[in-house]
1. Take segment 106-129 and flag every residue that is under 27 Å from G144 (Cβ atoms), part of a helix (DSSP H, G or I) and touching a helix residue (DSSP H, G or I) at 6+ places or on another chain (Cβ under 8 Å).
2. What's the number of the condition V151 fails, among (1) within 23 Å of the chain's Cα centre (by Cα); (2) aliphatic (A, V, I, L, M); (3) farther than 17 Å from L77 by Cβ?
3. Which one is surrounded by the most Cβ atoms within 10 Å (Cβ to Cβ) among residues in segment 123-143 that are without any contact (Cβ under 8 Å) to a residue 24 or more places away in the chain and out of contact with any Phe, Trp or Tyr (no Cβ under 9 Å at 6 or more places or on another chain)?
4. Sort out which residues of segment 65-105 are part of a loop (DSSP other than H, G, I, E, B), free of Cβ contacts under 8 Å to residues at least 60 places away in the same chain and aliphatic (A, V, I, L, M), and write them in order of number.
5. Would you please name the residue that is modelled with the highest pLDDT, looking only at residues in segment 1-58 that are surrounded by fewer than 10 Cβ atoms within 10 Å (Cβ to Cβ) and not in a helix (DSSP H, G or I)?
Amino acid sequence: MKRKLSERWQALSPREKTGLQAALLLLLIALVWSVFLKPSLAVWQNHAKEWTALEQQRQQMAALQSQAQALQKRTPLSREEALKSLQALTRSAMPSAQVAAQNERVSVSFKAASATVLASWLQSARENAQVRVVDAQWQRTPEGLWEGAMVLKLPSRNGQP
């Protein structure tokens with residue numbers, strides 16, 4: 001087979017040899033481009049976007065880490081302190097809400113609360129009263145406000161949630 005190819009090559013005119021060599025060179029260049037250069041160029045072009053996204057994720061993770069560390073360092077509240085704090089927060093943020101305590105759980109019913117007020121209240125309740133949401137049932141009213149109920153778990157008697 002090799003000898004036949006060699007004989008065939010020798011039988012070609014110089015112009016045909018040059019044409020085949022040029023075609024092989026173009027084929028080799030196209031192969032190198034598609035296998036090595038094109039993917040590298042795509043990575044190079046997208047690196048700024050990916051770097052920005054990774055930096056945003058890093059900042060978000062750092063914020064979550066500092067929040068977790070702050071939560072670990074806080075002084076645990078007793079059940080009674082947490083309940084008093086939750087009642088005070090609820091009276092100030094959502095005066096029409098009703099709070100009912102039963103052992104380690106507290107039911108909070110609210111009507112016509114805006115999303116910002118509800119989010120702020122929930123964050124304050126988690127941080128200041130050290131409660132956890134066990135169950136939540138909310139509905140959006142036609143006016144764009146929220147109504148519903150939540151069941152929160154108070155810290156246990158020894159201060160652990």
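The values are calculated or read from the model by the stated rules, or taken from the named source; none is laboratory data. Keep in mind the model is a prediction, meaning the values are calculated, not measured. Backbone-built Cβ (ideal geometry, glycine too); neighbour counts: all protein chains shown.
1. Correct list: V117, S120, W121, S124, A125, E127.
2. All conditions are met except number (1).
3. Applying the filter and picking the extreme gives R126.
4. M94, A97
5. Within segment 1-58, the match that is modelled with the highest pLDDT is S13.
Yes or no, residue by residue, for (1) acidic (D, E); (2) within 15 Å of the chain's Cα centre (by Cα); (3) within 29 Å of F110 (Cα to Cα):
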site	(1), (2), (3)
E55	yes, yes, no
S66	no, no, no
Q69	no, no, no
K73	no, no, no
S85	no, no, yes
R91	no, no, yes
